[in-house]
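Q: Could you have a look at this structure, given as structure tokens, before my questions?
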There are 2 protein chains.
Amino acid sequence: MSVITIERKILEKNDEIARSNRALLEKLGVFALNLVSSPGSGKTSLLERTLEQLRGRLRMAVIEGDVHTDLDAQRVARYGVPVVQIVTHGGCHLEAKLVQDALSRLPIEKTQALFIENVGNLICPANYDLGEAMKVVVISTTEGEDKPLKYPAMFRNAHALVINKADLLPYLSLRIEDLRRNALQVNPGLVGFETSCVTGSGIEEWCEWLYEQASTKPSRSGSA
Amino acid sequence: MSVITIERKILEKNDEIARSNRALLEKLGVFALNLVSSPGSGKTSLLERTLEQLRGRLRMAVIEGDVHTDLDAQRVARYGVPVVQIVTHGGCHLEAKLVQDALSRLPIEKTQALFIENVGNLICPANYDLGEAMKVVVISTTEGEDKPLKYPAMFRNAHALVINKADLLPYLSLRIEDLRRNALQVNPGLVGFETSCVTGSGIEEWCEWLYEQASTKPSRSGSA
């Protein structure tokens, strides 16, 4: 019982800081996205294409979350955006407190869109609200049709789904309509995109949607 | 501090049950593998090809671990092996106690090789010994070269690395020698395989190695 109590307390404390992050971001008019996925789905590549596409149109910043290394922050920094790397040292998800600390090290009052790239993990980050406006789940075409059914919490808590690595579809037996159907079965409200960071297909549509969200900035709930 | 204490206690309790699982498996001469990976790396497909290849040569059994659904157990059951599905209902890794319960539901005294397919997660299962003889980490060619550096615990604690989906190599920019080098940097003792469950390449080599391990059955340490 004590484990459950402690876990509940951790989540309560996390949610409290997440609310404070959200209030700050909304006050400053920052649209914050929490990008979640399995390792290797192409979150960082998608982010690179996004920074490239929206450069000059939106003032953007990035928080990179990784278990080890600052490889992703190095990749993202090449696009000339402010970036903070959070290394969790074994921790399997980002928490609101880590994001709060990172926010204090970013020029957040000058930022219109903040991308938080979570640790590559399709399970644990689902339960941790960071104060984002929206969660976006990225899945690679190589991961199979069944993932929304096997990892439902992540898909249920997300606002949008990006099916990435669309360029590999000709070489896979994936039935993409089954993947879509499984995702919508878990969360009928999911906004869907199909992208390839290799060919660039779908990137413009994804970025236009993002741009519209960041420009509108209604108050949103970050956790479902 | 209390969280750390509780976590240590959970791990100590887990290790105790893992030791008991290991003692039972070694006494009965069962070679147990703990298959770990990201979601969608192809663990279940690799297991299917393995069951197919070694059918008639080894008496095999399977424990499937998933956050939700028994889809994988259904797939594996088609190969005529005893299988138990563990559904963790949100839990991000298998634990020794769950495996202990599953063992009691398998004809374990008649089994020579036991495959435990862990939950798809490249982080949390690294810390939980299940009582296996060896951990095998499976990574898909689509996941990128950097994963051993970003998720080192899993690669450090594994005995073997299977690089799966080799059939996709012609369509990827992956430098497989970099992936291998990164893995060996984290764990120089890793035994390496390259497989494709589509073309069947590398499956025989992987299965012959497995067969040899299961036939030799020396006492091994399951956690690094």
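The values are calculated or read from the model by the stated rules, or taken from the named source; none is laboratory data. Note that the coordinates shown come from a computational prediction; the quantities given were computed from them, not determined experimentally. Note that we place each Cβ from the backbone using ideal geometry, even for glycine, and neighbour counts take in every protein chain shown.
Q: Identify all residues within the range A:104-136 that are within 18 Å of A:LYS27 (Cα to Cα), in contact (Cβ under 8 Å) with a residue 40 or more places away in the chain and polar (S, T, N, Q); write none if there are none.
A: Matches in the range A:104-136: A:THR111, A:GLN112.
Q: Next question. From the list A:GLU194, A:GLU212, A:GLU205, pick out the single residue that is surrounded by fewer than 21 Cβ atoms within 10 Å (Cβ to Cβ), in contact (Cβ under 8 Å) with a residue 24 or more places away in the chain, of a type in the set (Asp, Glu) and over 21 Å from B:SER45 (Cβ atoms).
A: Only one candidate passes the filter, namely A:GLU194.
Q: Within the range B:69-92, how many residues are among the hydrophobic types (A, V, I, L, M, F, W, C) and free of Cβ contacts under 8 Å to residues at least 12 places away in the same chain?
A: So the count comes out to 2.
Q: Something else about it: Suppose we keep only residues that are more than 12 Å from every other protein chain (Cβ to nearest Cβ) and in contact (Cβ under 8 Å) with a residue 24 or more places away in the chain within the range B:168-177. Which one would you say is farthest from B:CYS207 (Cα to Cα)?
A: Looking at the filtered set, the residue picked out is B:ARG175.
Conditions (1) touching a helix residue (DSSP H, G or I) at 6+ places or on another chain (Cβ under 8 Å); (2) charged (D, E, K, R), marked per residue:
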position	(1), (2)
B:SER20	yes, no
B:GLU26	no, yes
B:ASN34	yes, no
B:GLY42	no, no
B:ILE63	yes, no
B:ILE86	yes, no
B:GLY90	yes, no
B:ALA102	no, no
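Q: Does the range A:10-28 contain at least one residue that is touching a residue at least 60 places away in the same chain (Cβ under 8 Å) and outside any helix (DSSP H, G or I)?
A: Within the range A:10-28, one or more residues are touching a residue at least 60 places away in the same chain (Cβ under 8 Å) and outside any helix (DSSP H, G or I).
Q: Identify all residues within the range B:184-199 that are more than 14 Å from every other protein chain (Cβ to nearest Cβ) and either part of a helix (DSSP H, G or I) or on the phi > 0 side of the Ramachandran plot (or both); write none if there are none.
A: Passing the criteria: only B:LEU184.
Q: Using the structure shown, decide if A:ASN34 is touching a residue at least 40 places away in the same chain (Cβ under 8 Å), of a type in the set (S, T, N, Q) and assigned to a strand (DSSP E or B).
A: yes
Q: Restricting attention to the range B:93-148, which residues are hydroxyl-bearing (Ser, Thr, Tyr) and surrounded by fewer than 22 Cβ atoms within 10 Å (Cβ to Cβ)?
A: B:SER104
Q: In the range A:8-44, what residues are at pLDDT below 95 and hydrophobic (A, V, I, L, M, F, W, C)?
A: Within the range A:8-44, A:ILE10, A:LEU11 meet the criteria.
Q: Among the listed residues B:LYS150, B:LYS165, which satisfies the condition of being without any contact (Cβ under 8 Å) to a residue 12 or more places away in the chain and in contact with a Ser or Thr (Cβ under 7 Å, 6 or more places away or on another chain)? First the steps, then the outcome.
A: Values: B:LYS165 fails: without any contact (Cβ under 8 Å) to a residue 12 or more places away in the chain.
None of the other options fit; the residue is B:LYS150.
Q: From B:ALA158, B:ALA183, grab the single residue that is surrounded by 21 or more Cβ atoms within 10 Å (Cβ to Cβ) and touching a Pro at 6+ places or on another chain (Cβ under 7 Å).
A: So the residue among B:ALA158, B:ALA183 that is surrounded by 21 or more Cβ atoms within 10 Å (Cβ to Cβ) and touching a Pro at 6+ places or on another chain (Cβ under 7 Å) is B:ALA183.
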